[in-house]
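First the structure, then my questions, so here it is.
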Amino acid sequence: MITASIVLFNENIETLKKTVHSFLETPTKKKLYLLDNSSQNIALDYFKHPEIEYFFVGKNIGFGKAHNLILDKIDSDFHLILNPDVEFSSKVIPTLTNELIRRPEVSFVTPKVVYPNKKRQEVCREHPTFFDLINRKIGFLKSVINNDEQQHKNIEKPFYPAFIHGCFMLFKTKDFKKIHGFDERFFLYMEDADICREIDAMGKKKLYYPHVEIIHQHRRGSSKNIKLFFIHISSAIKYFLKWGF
């Protein structure tokens, strides 16, 4: 049994339809939770399906808090944290669940992630540092960024990164519930970095598995919107106060 959750906030419906269709094409017993932080519940009109449960929150309560709304509802073997701008084939989830089954040390797995033009996204990194976040904004030392993104590794083979960007995180549900989902102090941004630290603290690992791939639009909102930029800074401060600089 596989469950998945997508947090919505004024999404492009056509893009979201592709994401929902990708999940529903997975050949297994499943349920998808759509958690809508938008001010209007127009998405409800498009996603009436027996394998979909729609929750209209009515206000933006944040990414992690919205995902946690269904924490007590999920009674599955695997739970997928899914962005609303992702597409993938029907073989992706079965392949990844097989890897989770045969690797007891792993809490979640992420596949290879590419842009729509098929260029690879660098989703594997070291744990964030204060200097790293500043350097990414100004692009001062690109060699440090390349090393942080683990470009020195052969990322055409599976390995265990410190941190994996969270656009597609397929968890063992028991582990996701054991760490109580996301830390709700993070309204948006850094929640994936935080949850990777929580998995480390639990003595488990994260797997990058590039033998299957997904397409991710990756809108990079904080680099384009001043309000999102300051939300990102706020989350970074909370992260470093929790885990150290």
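Answer with yes or no whether residue 184 is of a type outside the set (A, V, I, L, M), closer than 28 Å to residue 90 by Cα, in contact with a helix residue (DSSP H, G or I) (Cβ under 8 Å, 6 or more places away or on another chain) and in contact (Cβ under 8 Å) with a residue 60 or more places away in the chain.
No: the conditions fail for residue 184.
Hey, among 92, 86, 106, 113, which residue is in contact with a Ser or Thr (Cβ under 6 Å, 6 or more places away or on another chain) and among the β-branched types (Val, Ile, Thr)?
Going through 92, 86, 106, 113 in turn, the sole match is 86.
Considering only residues that are surrounded by fewer than 22 Cβ atoms within 10 Å (Cβ to Cβ) and in contact (Cβ under 8 Å) with a residue 12 or more places away in the chain, which ones fall in the range 66-82?
68, 69, 70, 71, 73, 74, 75, 76, 77
Looking only at residues in the range 56-102 that are in a helix (DSSP H, G or I) and of a type in the set (A, V, I, L, M, F, W, C), which one is farthest from the chain's Cα centre (by Cα)?
101
Here's a follow-up. Determine if the range 167-183 includes at least one residue that is at pLDDT below 95, surrounded by 14 or more Cβ atoms within 10 Å (Cβ to Cβ), more than 19 Å from residue 119 (Cα to Cα) and among the aromatic types (Phe, Trp, Tyr).
Among the residues of the range 167-183, not one is at pLDDT below 95, surrounded by 14 or more Cβ atoms within 10 Å (Cβ to Cβ), more than 19 Å from residue 119 (Cα to Cα) and among the aromatic types (Phe, Trp, Tyr), which makes the answer no.
I'd like to know if the range 47-62 contains one or more residues that are within 22 Å of residue 206 (Cα to Cα) and surrounded by fewer than 21 Cβ atoms within 10 Å (Cβ to Cβ).
no
One residue is enough: does the range 7-15 have a residue meeting the conditions under 17 Å from residue 86 (Cα atoms) and assigned to a strand (DSSP E or B)?
Yes, the conditions are met somewhere in the range 7-15.
Can I ask one more? In the range 191-211, is there at least one residue being over 21 Å from residue 129 (Cα atoms), free of Cβ contacts under 8 Å to residues at least 60 places away in the same chain and in a helix (DSSP H, G or I)?
Checked the range 191-211: no residue is over 21 Å from residue 129 (Cα atoms), free of Cβ contacts under 8 Å to residues at least 60 places away in the same chain and in a helix (DSSP H, G or I).
Would you check which residues across the range 103-130 are part of a strand (DSSP E or B), of a type outside the set (A, V, I, L, M, F, W, C) and farther than 15 Å from residue 216 by Cβ and list them?
The answer is 107, 125.
Still on this structure, please answer the following. Can you tell me how many residues in the range 17-41 are surrounded by fewer than 19 Cβ atoms within 10 Å (Cβ to Cβ), in contact (Cβ under 8 Å) with a residue 12 or more places away in the chain and within 17 Å of residue 66 (Cβ to Cβ)?
So the count comes out to 3.
When the residues of the range 224-244 are filtered to those that are of a type in the set (Gly, Ala, Ser) and over 23 Å from residue 169 (Cα atoms), which remaining residue is modelled with the highest pLDDT?
234
The values are calculated or read from the model by the stated rules, or taken from the named source; none is laboratory data. This structure is a prediction, so every number in the text was calculated from the model and none was measured. Cβ sites come from the backbone with ideal geometry, for glycine too, and all protein chains shown count toward neighbours.
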